[in-house]
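Q: I have a structure I would like to understand better, so I am pasting it below and will then ask my questions one at a time.
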C-alpha cells in the first residue's frame, strides 16, 4: 500500500512509454521490503515522500523545493547541490534531498562491477535514485542528507577512484563523445583530451571563481554527438584539412544497391532504391560534389565538413588524414538573450599531447572572462556585449575569413590608430596641395 | 599582498555589509583589489581555514563568512 495517494502522477504511467513514476514506485517498494537487508542511512520512505511532494506540487501548481545551500564536501565548492523540501512535516523522507554530481569517465565507459558498486553505495547512503546521465553528462545521484555527504565522498574517492563533478560557478564536468574508441570518424582522441583537461583544471572544477558556469565539450567530428556546438562555452569539434578519401568501387556498390546507405539505418521501411544524386550530391550544402563518368568527384576546397555524404556512404567516403579540431566558443541555453550557437574562434588546431596550444587558448579566454564578465554572465553573452573583435584581441588570435559569419552584414570597419600607417594625424599643407577648401 | 593582510581586508569588508551575507567571487576580488587569479589563491586558503564558506544555488556559487546568515541556522549547520 503506497504511503501517499498519487492520482495525478498515476496518470503519467498510462501510455506505451516508460514512466519515471513507475520507476519511483518500484524503488519505494523495494526499499520497504528491503530483501537485501540493507542498513539504510537515510529515511526508508524517501521515494514514497518524493512521490508525495511531487503530487502536491502538481495539485498546487507550484514547487515545494527550496534549492541551494552551504552543503558540500570540505574544500569543494561544487559537486553537491543542496535541496530541501518546504513541507518537511508532511514529507520527512525528503526534508533533505541533496543532489550529488559525479564526474563520469571519459566516453562513459563503465565496468559492471563499477556500476554495481555505485548502486550499492547509493542504496545504502542515498535514495537509490540516479540519473544516468544528467544533461551535462555526469552521473547524478539524487537525494541524500547532509551527514551522508562526506561519507559518500570518502567512499567514491578512496574506494572507487572517482571524483565529484562540477556545479555552480565552476568549470562543469567536461564531457565527450565516444571518440576513437569506437568511431572511425573521430578526428582526434576525444577521451584523451577530455581526461587531460579534466585533470589539468581540477582547481577550476572544484573551487568556484568564475562569473558563472563554464562548459567544455568534445566532439570527434562535425556530427557533434554531444552537441558541443549548441551547449558548450568552448567546444572542440574534430575536423580535417586535407581531402575526403574516396573509394570509387564502394561508391559504385552503393549506387548499385549492394551496400545499404546510412550503414543500414532507416531500414524499417522500403525507401526505394538509393539515389546518389538526390540523397547525397543534391543535399551537399556547398554543392561541391558531382558525378563524372560514374565517378564521384569532390571539390574539397569548397567542402565545409558537414559530414552528410560520409554519414550516408561510410564505406565509400572517409575523413581526411590531416586531422585536428576546430574550437568554437560562446554557446549557451536561452536564459538571457535567447539560445546561442558557438562561434568559430580557431578554425584548425592540431590535437597533440601535451595540448599546450589548446590550453593557451583556454586560459586566455578565462583571463578575459574572469576580469570582464559580469556576475552570472556567460562567455557568449560577454562576446555579444563587447563584440567578437574584443575576444580576438584578448586571445591574441588574428582575424581570419572563417570568423566572418556573413559578408557585408556590417559596413563599418573600425581601425585603431596603431593599425594605420602614419597614425591618424596628417599634413594639412600636403593635403591642400591636391584639394581646395 | 600578504595572506594576513588579505584576510583582514576580506573579514572587515564582509562584516561591514549588513544587508547581505553572501557575495560573488568578483565582490571579494574587488575588496582585495587583486586580479581574479591572485584573489582566488587567498580566497581558497580562507575556505580551507574555515573563515569563508561556499554557498551554491546549484547554478551559481557565492561566498560568505562561515556561519553568518539565515541559512546556516536553518540547515542546522552553524
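Q: Given the criterion over 18 Å from residue A:346 (Cβ atoms), within 26 Å of the chain's Cα centre (by Cα), away from chain B (no Cβ under 14 Å) and crowded, with 21+ Cβ neighbours inside 10 Å, identify the matching residue among A:226, A:178, A:199, A:251.
A: Values: A:178 fails: crowded, with 21+ Cβ neighbours inside 10 Å; A:199 fails: crowded, with 21+ Cβ neighbours inside 10 Å; A:251 fails: within 26 Å of the chain's Cα centre (by Cα).
Of A:226, A:178, A:199, A:251, the one residue that is over 18 Å from residue A:346 (Cβ atoms), within 26 Å of the chain's Cα centre (by Cα), away from chain B (no Cβ under 14 Å) and crowded, with 21+ Cβ neighbours inside 10 Å is A:226.
Q: So, one more: Going through A:137, A:69 one at a time, which residue ends up being within 14 Å of chain B (Cβ to nearest Cβ) and either touching a residue at least 24 places away in the same chain (Cβ under 8 Å) or in contact with a helix residue (DSSP H, G or I) (Cβ under 7 Å, 6 or more places away or on another chain) (or both)? Talk me through it step by step, then tell me what you get.
A: Details: A:137 fails: within 14 Å of chain B (Cβ to nearest Cβ).
Result: A:69 is the single residue among A:137, A:69 that is within 14 Å of chain B (Cβ to nearest Cβ) and either touching a residue at least 24 places away in the same chain (Cβ under 8 Å) or in contact with a helix residue (DSSP H, G or I) (Cβ under 7 Å, 6 or more places away or on another chain) (or both).
Q: On to the next question. Output the residues belonging to segment A:149-158 that are away from every other protein chain (no Cβ under 14 Å) and surrounded by 20 or more Cβ atoms within 10 Å (Cβ to Cβ).
A: Filtering segment A:149-158 for residues away from every other protein chain (no Cβ under 14 Å) gives A:151-158.
Correct list: A:152, A:153, A:156.
Residues checked against (1) exposed (fewer than 13 other Cβ atoms within 10 Å of the Cβ); (2) without any contact (Cβ under 8 Å) to a residue 12 or more places away in the chain:
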position: A:222; (1), (2): no, no
position: A:234; (1), (2): no, no
position: A:240; (1), (2): no, no
position: A:263; (1), (2): no, no
position: A:272; (1), (2): yes, yes
position: A:275; (1), (2): no, yes
position: A:288; (1), (2): no, no
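Q: Going through A:357, A:279, A:353, A:292 one at a time, which residue ends up being outside the structural domain of residue A:381 (by TED's automatic domain parsing) and either in contact with a strand residue (DSSP E or B) (Cβ under 9 Å, 6 or more places away or on another chain) or exposed (fewer than 13 other Cβ atoms within 10 Å of the Cβ) (or both)? First the steps, then the outcome.
A: Working: A:357 fails: outside the structural domain of residue A:381 (by TED's automatic domain parsing); A:279 fails: either in contact with a strand residue (DSSP E or B) (Cβ under 9 Å, 6 or more places away or on another chain) or exposed (fewer than 13 other Cβ atoms within 10 Å of the Cβ) (or both); A:353 fails: outside the structural domain of residue A:381 (by TED's automatic domain parsing).
So the residue among A:357, A:279, A:353, A:292 that is outside the structural domain of residue A:381 (by TED's automatic domain parsing) and either in contact with a strand residue (DSSP E or B) (Cβ under 9 Å, 6 or more places away or on another chain) or exposed (fewer than 13 other Cβ atoms within 10 Å of the Cβ) (or both) is A:292.
Q: Filtering segment B:46-78 down to residues that are more than 7 Å from chain A (Cβ to nearest Cβ), at pLDDT below 90 and part of a loop (DSSP other than H, G, I, E, B), which residue is surrounded by the fewest Cβ atoms within 10 Å (Cβ to Cβ)?
A: By that ranking, first place goes to B:76.
Q: Next question. Would segment A:58-69 turn up any residue that is touching a strand residue (DSSP E or B) at 6+ places or on another chain (Cβ under 9 Å) and in a loop (DSSP other than H, G, I, E, B)?
A: As a first pass, look at segment A:58-69 and keep what is touching a strand residue (DSSP E or B) at 6+ places or on another chain (Cβ under 9 Å): A:64-69.
Among the residues that remain, those that are also in a loop (DSSP other than H, G, I, E, B) are: A:64, A:68.
Within segment A:58-69, one or more residues are touching a strand residue (DSSP E or B) at 6+ places or on another chain (Cβ under 9 Å) and in a loop (DSSP other than H, G, I, E, B).
Q: Which of (1) surrounded by fewer than 17 Cβ atoms within 10 Å (Cβ to Cβ); (2) assigned to a strand (DSSP E or B) is the odd one out, the single condition residue A:344 does not satisfy?
A: That leaves (1) as the condition not met.
Q: Identify the single condition in (1) under 20 Å from residue A:239 (Cβ atoms); (2) surrounded by 13 or more Cβ atoms within 10 Å (Cβ to Cβ) that residue A:304 does not satisfy, given that it satisfies every other one.
A: (2)
Q: Can I ask one more? Return the only residue of A:393, A:352, A:406, A:421 being closer than 28 Å to residue A:211 by Cβ and out of contact with any helix residue (DSSP H, G or I) (no Cβ under 6 Å at 6 or more places or on another chain).
A: Values: A:352 fails: closer than 28 Å to residue A:211 by Cβ; A:406 fails: closer than 28 Å to residue A:211 by Cβ; A:421 fails: closer than 28 Å to residue A:211 by Cβ.
Of the residues listed, the single one that is closer than 28 Å to residue A:211 by Cβ and out of contact with any helix residue (DSSP H, G or I) (no Cβ under 6 Å at 6 or more places or on another chain) is A:393.
Q: So, in segment A:109-133, exactly how many residues are crowded, with 16+ Cβ neighbours inside 10 Å and assigned to a helix (DSSP H, G or I)? Outline the logic, then answer.
A: Filtering segment A:109-133 down to residues crowded, with 16+ Cβ neighbours inside 10 Å leaves A:117-118, A:121-130, A:133.
Of the ones still in play, those that are also assigned to a helix (DSSP H, G or I) are A:117-118, A:121-125.
Here the count works out to 7.
Q: Further question: Could you pull out the residue among A:370, A:383 that is touching a helix residue (DSSP H, G or I) at 6+ places or on another chain (Cβ under 6 Å), at pLDDT 90 or above and within 17 Å of residue A:340 (Cα to Cα)?
A: When all the criteria are applied, what remains is A:383.
The values are calculated or read from the model by the stated rules, or taken from the named source; none is laboratory data. In this text the structure is predicted, and so the values were computed from the model without any measurement. A quick note on method: Cβ atoms are made from the backbone with ideal geometry, for glycine too, and the neighbour counts reach across all protein chains shown.
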